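First up is the structure itself, then whatever we jot down about it.
The values are calculated or read from the model by the stated rules, or taken from the named source; none is laboratory data. Note that the structure is predicted; figures quoted are calculated from it, not measured. Virtual Cβ from ideal backbone geometry, glycine too; neighbours counted across all protein chains shown.
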Amino acid sequence: MDLILEIRTGRERVTMVCHGKLVGGKEADTFRRSAILLLGGFDKLNINLAGVRLVDCGGLGSLESVLALATESGKEVRITHVSAQVKQLLQMSSLDKFVDRVGTLRPYLVADDWEAIA
């Protein structure tokens, strides 16, 4: 497996630092399951993608499913340290509207919500 997840806990927030490839298969499944488990115990989750060198559509789908779950359950998820390559992938898949000005992915999945906070 080409994905390493490092978990850092705090009082109110947990951070999942990702290293390697976030691609379809075992990596995307492990990422999704780990994030869902963390959201079960914390209301706020940071996902740090600084160490991610490759994301494909399977990894992007896992990321989107985590954001959808967080939105449905009233949790806060912040995706931080989005690389230029990941940002480009988000643009190609029309998800760049979820990237805010400082490079973090917003957990809003409805365009009206984005317009309200932009």
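Quick rundown of the values:
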item: Those residues of the range 59-72 which are buried (at least 20 other Cβ atoms within 10 Å of the Cβ) and hydroxyl-bearing (Ser, Thr, Tyr), in sequence order; result: Ser62
item: Tally of residues being within 24 Å of Ser73 (Cα to Cα) and acidic (Asp, Glu) across the range 28-59; result: 2
item: Extreme residue, nearest to the chain's Cα centre (by Cα), among residues of the range 8-29 that are assigned to a helix (DSSP H, G or I) and buried (at least 16 other Cβ atoms within 10 Å of the Cβ); result: Ala28
item: Qualifying residue in the range 46-58 (condition: modelled with pLDDT under 90, among the small types (Gly, Ala, Ser), within 17 Å of Ile7 (Cβ to Cβ) and loosely packed, with under 14 Cβ neighbours inside 10 Å); result: yes
